[in-house]
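Take a look at the structure set out below.
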Amino acid sequence: AVVSTQSTGKRDKLSVTHAKDGERDRYFPDDDCKELTDLVREERTNSSLGQDHLFLKYASKLSKMSDKQDWTLDDMFVSNIAKVKDGSKDVDKLVAENQREHKRLESCTMCLEKCSRGCIVYIGRTLYIRVPPVKSLTNYHCQIIPVSHTIATVNGDEDFWSEFSVVKSLLVRKFAEKKLDAVFLEFASRLDQRRHVFVDCVPVPVEDATMLPAYFKKAILESDVEWAQNKKLVDTRGKNLRKCVPQGLPYFSVEFGVDGGFAHVIEEERLFKRYFGLEIIGGVLDSDVVLWRNPPKETGEGIRYKKQVFEKLAIEFPDV
């Protein structure tokens with residue numbers, strides 16, 4: 001006889017299923033122990049029990065999907081519909097965000113095509129320079145602004161940074177002839193509002209500029225929250241700002257000439273004022289508080305005068 005293995009769950013039993021001549025004469029060990037009527041009765045009973053078992057099995061699986069005791073199969077379909085609705089809500093949020101972004105771009109007055117041309121003194125390939133449309137803190141005070149809508153200079157590409165470095169070097173060199181040191185200030189904050197970033201270039205007399213690094217270092221260490229997750233003072237001297245501050249984080253940066261300076265990743269934006277850098281320079285120069293806290297709008301005549309004074313510097317910016 002041929003021995004076959006029949007599984008019984010926990011253990012396997014050996015049973016004889018074939019005769020000596022190789023012909024199968026049974027399928028289960030108890031085939032010759034039961035009559036046909038017994039098998040029919042057992043089949044009817046087991047079918048009913050099997051359906052109850054399957055129902056309880058799947059019901060237990062479905063019940064695990066919810067903590068509610070009265071959870072039913074209908075709740076599963078309601079849950080699936082809710083997921084579809086949640087997905088549509090996500091789509092609606094994306095559409096609304098895109099509409100807000102489009103509205104910001106349309107209303108941005110610092111993008112080159114919407115900027116007042118009366119303030120502009122130079123237009124490059126990736127950036128332009130303008131005199132401030134408000135009262136300036138010092139003579140020759142200017143602002144370097146990306147042509148395209150950019151929320152932080154660290155987000156700029158290689159072309160922008162190449163031109164940015166050249167322009168800063170030219171400004172530093174020209175101001176040095178006037179015995180002035182150029183201080184570059186950038187405040188990249190409220191990144192979720194997608195504000196157009198700009199860099200203030202503030203010329204400071206050499207004798208006053210020598211004190212600025214110490215003042216800025218002290219002010220940055222005492223600013224923002226007491227216990228910061230990021231390093232409070234990032235030394236950028238001799239380094240590229242892009243390698244010191246990661247993209248996506250709000251920050252403040254000050255550079256003294258072309259040698260770098262300090263950067264600070266802002267932890268609590270409501271505690272870090274937008275005029276932080278101008279306040280320090282204004283304090284050293286003993287300037288009027290209004291000029292750095294909330295400077296009034298410049299008149300048309302004032303803008304034309306500042307533009308003429310700046311153009312007399314005759315800085316040879318690169319041709320476009």
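Tabulated results
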| quantity | calculated |
| --- | --- |
| Separation of the residue 215 and residue 290 label points, Cα + 7 Å toward Cβ, nm | 2.1 nm |
| Residue 231 versus residue 149: modelled label distance in nm, points set 7 Å from Cα along the beta carbon direction | 3.4 nm |
| Solvent-accessible area of residue 226 with every protein chain in place, 1.4 Å probe, in Å² to the nearest 10 | 150 Å² |
| Residue-level accessible surface for residue 142, protein heavy atoms, 1.4 Å, Å² | 0 Å² |
| Surface share of carbon and sulfur [accessible, 1.4 angstrom probe, percent] for region 86-167 | 52 percent |
| Hypothetical label at residue 274: residues of region 186-205 whose amide nitrogen lies under 19 Å (7 Å Cα-Cβ projection) | 186-202 |
| P(r) tail fraction, region 131-268 - alpha-carbon pairs more than 18 Å apart, % | 56 percent |
| Over region 169-320, relative contact order from alpha-carbon pairs under 8 Å, at least 6 apart, % | 25 percent |
| Order of exposure, largest accessible area first, which applies to 231, 20 with probe 1.4 Å | 20, 231 |
| FRET efficiency for residue 308 and residue 134, using Cβ-Cβ distance with R0 set to 22 Å, rounded to 0.05 | 0.80 |
| Volume in Å³ per residue [convex hull over Cα atoms, computed for region 173-249] | 121 Å³ |
| Relative packing of 291-297, 178-184, which averages over residues the other C-beta atoms within 10 Å, highest first | 178-184, 291-297 |
| Heavy-atom accessible area ranking, 1.4 Å probe, most first, across 236, 126, 210 | 210, 126, 236 |
| 15 Å beta-carbon shell around residue 286, net charge (K/R +1, D/E -1) | -3 |
| Inter-label distance, nm, simple model (7 Å from Cα along the C-beta direction), residue 301/residue 165 | 4.5 nm |
| Stretchable slack from residue 123 to residue 179, in nm (0.36 nm times residue separation minus alpha-carbon distance) | 17.6 nm |
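The values are calculated or read from the model by the stated rules, or taken from the named source; none is laboratory data. Please read all numbers here as calculations on a predicted model, not as lab measurements. Here the Cβ is made from the backbone with ideal geometry for all residues, glycine too, and neighbour counts use every protein chain on show. The protein model used for the area step is the full one, side chains on, heavy atoms only, and it has no ligands, DNA or RNA in it. Shrake-Rupley method; radii C 1.70, N 1.55, O 1.52, S 1.80 Å.
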